[in-house]
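Undergrad: Sharing a structure below in structure tokens format, with a few things to ask.
The values are calculated or read from the model by the stated rules, or taken from the named source; none is laboratory data. Keep in mind the model is a prediction, meaning the values are calculated, not measured. Cβ sites come from the backbone with ideal geometry, for glycine too, and all protein chains shown count toward neighbours.
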Amino acid sequence: MALYLKNAAFIDWQTFKITNTNIKVTDSKIEFVNNVHADGRIIDCKGKFVTKSFACGHHHIYSALARGMPAPKKIPNNFKEILTYVWWAIDKLLDRDMIQASALSSAMYCAKNGVTFVIDHHASPNAVEGSLDIIAEAFDKVGVSHLLCYELSDRDGADKAQAGLAEHERYLSSGRQGHVGLHASFTVGDELLENAVSLAKKYNTGLHIHTAEDKADQDHCIKEHGKYVAERLADFGALDMPQTILVHCVHLNDNEKRIIRQSGHYVVENIESNQNNNVGLQNYASITENVILGTDGMHSDMLRSAKAAFLSGQAIEGISFPEAYNRFRNVHKYISSSGFNNDGDNNLVILDYDSNTELTQDNFLGHFIFGLESRHVDSVISNGELIVHNKKLTRVNEDEILAFSKEMSKKLWAKMEQA
Ligand SMILES: [Zn+2]
């Protein structure tokens, strides 16, 4: 059944041209039409704007239950201690139910913030097998599209690394789209890196890896491998696949920047996470134009990530309105040029934007940077289907997701106290 968006002010996401029209939305495309038909579902968009929905370039559903958790056993003093005492303490305790609660609540927040496509990087070393299916099913249930992977690492020994490879093999061979994930160079040995590259090539995908997030990653690489992280990745063929994405890239030297710029790979900026972990800040324009934005699991709000990239980018690289917007939207170019599915034109957000000044094609970017917020997301269409209507999920019960997540967070936190 077609969906009709009546009386919409449609903003083209690339030209900002605003067209007052009715829009027919199906599971394959959108069309501007003169008349709406009673046989379809009609949403009155009078006074509202409609534009392409949003996508997240790097998320971690595994961190979803951390909100308000008890303090770690030791207050971390640096990046490696943040991993050891916070994130690796949590991910080891995740069981299948906790993964499901984390994925459902993350998908819920994404959808309500207008995010219909999520690239996630998952870790649950004691519940590896089937973890990607649990996440995929939770996202499918809410109606959010995805590109998943598991964080391969040698940090928990050879058995866990093997389980991670097997999980990718199992998931990708089932026909699902995904990446081959790797935690970061400093926890990945040569054999595992080699196996990950082969697996990505076998399934015609790329790697998804934290790259030089902290200086410690570079220090380790120089000491153990006699080269810098991006050089090591290139030497192992990680950049042979155009689908590979490099996350953070905070600490790169000029040669590494040249390698990445020339290869054309996408770099994922997560500026709020870098600020939170105090790992440093990067001038992304000095690396490449191919920058996309993520949340690094801190939240699920891409409009917020764009504002953060703009504000922080002012001081670091004098970022412009168009540059901040391009970074927010480049993820769509990455998804389509990589041959991944489910980010077509029939993914839309309806914005109830209560602006006190007029929004036009010429001043759209000013509204994007200073006006539009996730609270304006009224309804969301994912692959032609209405998944959020009047700020409420349509396919699942939000109260049940929240209650289940609270229950699972209590279970997780109790296990943390006992650990
Ligand atoms: Zn991350």
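Undergrad: Where in segment 1-97 are there strands (runs of 3 or more DSSP E), lying fully within it, with 1 or more residues that are assigned by TED's automatic domain parsing to the domain that holds Ser379 and over 28 Å from the mean Cα position of the chain (by Cα)?
TA: Strands (runs of 3 or more DSSP E) meeting the threshold: 3-11, 18-25, 30-33, 41-44.
Undergrad: Within segment 163-170, is there a residue that is within 16 Å of the ligand (Cβ to nearest atom), surrounded by fewer than 24 Cβ atoms within 10 Å (Cβ to Cβ) and in the same structural domain as Thr288 (by TED's automatic domain parsing)?
TA: No: zero hits.
Undergrad: Among the residues that make up segment 272-295, is at least one of them part of a helix (DSSP H, G or I), of a type in the set (A, V, I, L, M, F, W, C) and within 16 Å of the ligand (Cβ to nearest atom)?
TA: no
Undergrad: Return the residues of segment 275-298 that are touching a Lys or Arg at 6+ places or on another chain (Cβ under 6 Å) and hydrophobic (A, V, I, L, M, F, W, C); say none if nothing qualifies.
TA: Matches in segment 275-298: Ile287, Val291, Leu293.
Listed here are the residues, each with its yes/no results for (1) under 28 Å from Glu81 (Cα atoms); (2) out of contact with any His (no Cβ under 6 Å at 6 or more places or on another chain).
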residue: Asp120; (1), (2): yes, no
residue: Tyr150; (1), (2): yes, no
residue: Gln162; (1), (2): yes, yes
residue: Ser173; (1), (2): no, yes
residue: Ser185; (1), (2): yes, yes
residue: Ser198; (1), (2): no, yes
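Undergrad: Which ones in segment 258-271 are assigned to a loop (DSSP other than H, G, I, E, B) and more than 15 Å from the ligand (Cβ to nearest atom)?
TA: Gly264, His265 - these are the residues of segment 258-271 that are assigned to a loop (DSSP other than H, G, I, E, B) and more than 15 Å from the ligand (Cβ to nearest atom).
Undergrad: Are there any pairs with C-beta distances below 6 angstrom linking a residue in segment 381-406 that is under 12 Å from Ala101 (Cα atoms) to a residue that is modelled with pLDDT of 95 or more, with the two at least 6 apart or on different chains, and if so which?
TA: What qualifies is Ile401/Leu104; Ile401/Ser105; Ile401/Met108; Phe404/Ala101; Ser405/Ala101; Ser405/Ser105.
Undergrad: Which ones in segment 129-146 are touching a strand residue (DSSP E or B) at 6+ places or on another chain (Cβ under 7 Å), outside any helix (DSSP H, G or I) and more than 16 Å from the ligand (Cβ to nearest atom)?
TA: Selection gives Gly143, Val144, Ser145.
Undergrad: Additional query: Determine whether segment 226-241 contains at least one residue that is within 13 Å of the ligand (Cβ to nearest atom) and either modelled with pLDDT of 95 or more or surrounded by fewer than 21 Cβ atoms within 10 Å (Cβ to Cβ) (or both). Write out each step before concluding.
TA: Start the filter on segment 226-241 by keeping residues that are within 13 Å of the ligand (Cβ to nearest atom), which leaves none.
Checking segment 226-241: not a single residue is within 13 Å of the ligand (Cβ to nearest atom) and either modelled with pLDDT of 95 or more or surrounded by fewer than 21 Cβ atoms within 10 Å (Cβ to Cβ) (or both).
Undergrad: Next up: Name every residue in segment 302-316 that is out of contact with any strand residue (DSSP E or B) (no Cβ under 8 Å at 6 or more places or on another chain) and either within 16 Å of the ligand (Cβ to nearest atom) or not assigned by TED's automatic domain parsing to the domain that holds Asn274 (or both), in order of residue number.
TA: Hit for segment 302-316 is Ala308, nothing else.
Undergrad: Sticking with this one: Condition test on Thr288, is it touching a Gly at 6+ places or on another chain (Cβ under 8 Å) and surrounded by 20 or more Cβ atoms within 10 Å (Cβ to Cβ)?
TA: No; evaluated as a whole, the condition is false for this residue.
Undergrad: Take the residues in segment 26-61 that are in contact (Cβ under 8 Å) with a residue 24 or more places away in the chain and among the aliphatic types (A, V, I, L, M), then tell me which one is nearest to the ligand (Cβ to nearest atom).
TA: Keep residues of segment 26-61 that are in contact (Cβ under 8 Å) with a residue 24 or more places away in the chain, which gives 26-30, 33, 36-37, 39-61.
Those still in the list that are among the aliphatic types (A, V, I, L, M) too: 30, 33, 36, 42-43, 50, 55, 61.
On the way: Ile30: 33, Val33: 42, Val36: 43, Ile42: 41, Ile43: 36, Val50: 32, Ala55: 16, Ile61: 11 Å.
Across segment 26-61, the extreme among qualifying residues is Ile61.
Undergrad: Checking the structure you have, find out if any residue of segment 375-397 is closer than 25 Å to Met69 by Cα and either of a type in the set (Gly, Ala, Ser) or touching a Gly at 6+ places or on another chain (Cβ under 8 Å) (or both).
TA: The answer is no; no qualifying residue exists.
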